[in-house]
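Q: Below are the structure tokens for one structure; questions will follow.
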Amino acid sequence: MKEFMLIFRHEDGNKVASPDQIQIWMKQTMDWIGSIAAQNKFVLGNGLPFDESRVVRSNNVVTNGPFGEIKETIGGYIIVKADSVEEAVEFAKGCPVLQGEGNSVEVRKIAKDGKA
Amino acid sequence: MEQQALIPHLFRTEFRKIATVLSNLFGIEHVEVAEDIASETFLAALETWTYKGIPENPTAWLYAVAKNKAKNYISRNAVFTNKIARQIKYSLSEGEEIEIDLSDKNIADSQLQMLFAICHPSISTEAQIGLSLRILCGFGIDEIANALLTNKETINKRLYRAKEKLRLENVKIEVPGEAEINMRLETVLTTLYLLFNEGYYSESQDAVLREDLCLEATRLTYLLIENEQTNKPAVNALLSLMCFHSSRFEARKNENGEIILYNDQDESLWNYELISKGVYFLHQASQGDKISKYHLEASIAYWHTIKADTRKKWEKILHLFNQLLQIEYSPIAALNRTYVLAKANGKAAAIIEAEKLNLADNHYYFTLLGELYTDIDNKKAKQNFQKALSLAKTQSDKQTIQKKLTTLDDLMIDE
């Protein structure tokens, strides 16, 4: 079985949601991950908060995150087991991040043992 | 207590104490000698007490006889004396008598050390459970075979191989040091968890034996909590789980030994003292920053002690199952999650999720589908229950499914 990373891309990371809205998204995300885990297809996952984030550029200039110049941010990722990219895409379709207009989930196969 | 009842009772409580203390003294390679001496001690009690009556302090009598037999064994058996006695922990000077310490403290220490020796990663979990039952719990081979639904020969072979392995690996009877303890404790907890489950979910007809298994698993877990070194959050979580489960002993089976499902249980039969103990240990378990599967399972069990059928409750339980499945997948957790999903988010959502579960050889899966389709598509519900019935292996499972089919048939007639 192959492994795929599902990367959550937010069109505008600066948008502030209400605590209630965050609560609802959290629950939806947990249910979505729980559904994948119940199929024994979940490997691991993580949210990527904005605090303590930095961007290091080629001339060693360090900035406080990419926010400002680029609006798009990565909010988190999960790794799933799937027989094919199509199956991984089916998992991605359920991701609550997609409820936000302009957001996307990028599906990428993980290279294992040097095999791409 | 009459002698006929007294000896089996003492066997259950004292055999393991004598066997573990002597095993500790002799080393893992001579567990069998320790077992033999413990058995002979009880044989002697049976013979002597029948003629002379029960002594004033039967336990002290047993300990005295066991000590004598151990000493005799050491002095009589030349090979043993030469090779082993020298290695015996209590190094003796010339002419000094060997000390066999059957104090409460040494018994508890020995049991704890032995628990770590038996739950050694070099032997299979099955063997760990068997050895624990034999040496730490004093179960007879017959009882172990009965509880684990297999035969005496299998158990004997399994125990023999496991002891050989422990001997070859030269496993030390000790509580591992700080560096190793968390990793080793994980194996110990797995074994205790499975030992409890063997009792709780066993198909064995012997109800007393099943409950004994659970009690022993609980007792051994409590040993870990009494020791500062092993009193960790995950241990408290496991004990909490055992308390919650045990609180439903009376309520979950009827007089014919048939399982009564949670929804149909009489709450007045729940043991509220055990429930409050479960809450206490769950609270103790919340110190620390790591959530183990025992934390999650105990929390799920906690919510089940609240019978109110509120959406909030089911959402909490769903959240816990989501987390549990991320830590460790199991078909039963996946099925339970789907059941809870129906309670929290409705049957329609749960059916979609259920169809994704790839568990086509599992009768619980079809029972669940049957439940979910009931009232939504009763024909489909019936097909699923029938499929479940054809896959079920045990009598009690078949009875449970049959009952559901009958109820469904009544429903369909009314339509």
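Q: Hey, can you tell me all the residues within the stretch B:263-322 that are of a type in the set (S, T, N, Q), surrounded by 20 or more Cβ atoms within 10 Å (Cβ to Cβ) and either under 25 Å from residue B:345 (Cα atoms) or over 21 Å from the mean Cα position of the chain (by Cα) (or both)?
A: Within the stretch B:263-322, B:299, B:322 qualify.
Q: Please work out if residue B:355 is acidic (Asp, Glu) and within 13 Å of chain A (Cβ to nearest Cβ).
A: The answer is yes for residue B:355.
Q: Oh, and also: From the list B:277, B:253, exactly one residue is within 25 Å of residue B:212 (Cα to Cα), more than 14 Å from chain A (Cβ to nearest Cβ) and either touching a Pro at 6+ places or on another chain (Cβ under 7 Å) or modelled with pLDDT of 95 or more (or both). Which is it?
A: So the residue among B:277, B:253 that is within 25 Å of residue B:212 (Cα to Cα), more than 14 Å from chain A (Cβ to nearest Cβ) and either touching a Pro at 6+ places or on another chain (Cβ under 7 Å) or modelled with pLDDT of 95 or more (or both) is B:277.
Q: Taking the criterion of being more than 12 Å from every other protein chain (Cβ to nearest Cβ) and farther than 24 Å from residue B:366 by Cα, would at least one residue in the stretch B:313-330 satisfy it?
A: Checked against the condition, which is being more than 12 Å from every other protein chain (Cβ to nearest Cβ) and farther than 24 Å from residue B:366 by Cα, the stretch B:313-330 yields at least one hit.
Q: For residue A:28, all conditions in the list (1) modelled with pLDDT of 90 or more; (2) of a type in the set (S, T, N, Q); (3) loosely packed, with under 15 Cβ neighbours inside 10 Å hold save one; what is the number of the exception?
A: Failing condition for residue A:28: (3).
Q: Please work out if residue B:277 is over 22 Å from residue B:396 (Cβ atoms) and touching an Asp or Glu at 6+ places or on another chain (Cβ under 7 Å).
A: No; evaluated as a whole, the condition is false for this residue.
Q: Restricting the stretch B:166-191 to residues that are without any contact (Cβ under 8 Å) to a residue 60 or more places away in the chain and surrounded by 16 or more Cβ atoms within 10 Å (Cβ to Cβ), which is farthest from residue B:237 (Cα to Cα)?
A: Per the criteria, the residue is B:181.
Q: Surrounded by fewer than 20 Cβ atoms within 10 Å (Cβ to Cβ), over 30 Å from residue B:116 (Cα atoms) and not assigned by TED's automatic domain parsing to the domain that holds residue B:139 - does that describe any residue in the stretch B:15-37?
A: no
Q: Just to be sure, is residue B:305 touching a residue at least 24 places away in the same chain (Cβ under 8 Å) and either in the same structural domain as residue B:262 (by TED's automatic domain parsing) or hydroxyl-bearing (Ser, Thr, Tyr) (or both)?
A: yes
Q: Here is a follow-up. Can you find even one residue in the stretch B:181-189 that is hydroxyl-bearing (Ser, Thr, Tyr), under 15 Å from the mean Cα position of the chain (by Cα) and either outside any loop (DSSP other than H, G, I, E, B) or under 20 Å from residue B:138 (Cβ atoms) (or both)?
A: yes
Q: Looking at residue B:350 and the list (1) at pLDDT below 90; (2) within 14 Å of another protein chain (Cβ to nearest Cβ), which single condition is not satisfied?
A: All conditions pass for residue B:350, except number (1).
Q: If residue A:33 satisfies every condition in (1) farther than 18 Å from residue B:316 by Cα; (2) of a type outside the set (Phe, Trp, Tyr); (3) touching a strand residue (DSSP E or B) at 6+ places or on another chain (Cβ under 8 Å) but one, which is the exception?
A: Status for residue A:33: all satisfied but (1).
Q: For the stretch A:32-88, what are the residues that are free of Cβ contacts under 8 Å to residues at least 24 places away in the same chain and closer than 21 Å to residue B:337 by Cα?
A: Result: A:34, A:37, A:38, A:39.
Q: Whether any residue in the stretch B:248-256 is over 26 Å from residue B:14 (Cβ atoms) and either small (Gly, Ala, Ser) or in a helix (DSSP H, G or I) (or both) is what I want to check.
A: yes
Q: Within the stretch A:37-55, can you find the residues that are part of a loop (DSSP other than H, G, I, E, B) and more than 7 Å from chain B (Cβ to nearest Cβ)?
A: A:41, A:48, A:49, A:50, A:51, A:52, A:53, A:54
Q: I'm trying to understand the selection: among the residues of the stretch B:323-356, which are over 22 Å from the mean Cα position of the chain (by Cα) and among the aromatic types (Phe, Trp, Tyr)?
A: Within the stretch B:323-356, B:339 is the sole residue that qualifies.
Q: May I ask you to say which residue of B:411, B:391, B:359 is more than 22 Å from residue B:338 (Cα to Cα) and touching a residue at least 24 places away in the same chain (Cβ under 8 Å)?
A: B:411
Q: On to the next question. Failed condition for residue A:108, given (1) basic (Lys, Arg); (2) outside any helix (DSSP H, G or I); (3) within 14 Å of chain B (Cβ to nearest Cβ), with all others met?
A: All conditions pass for residue A:108, except number (3).
The values are calculated or read from the model by the stated rules, or taken from the named source; none is laboratory data. Owing to the predicted nature of the structure, the values given are computational and were not obtained by experimental measurement. All Cβ positions, glycine included, derive from the backbone under ideal geometry; neighbour counts span all protein chains shown.
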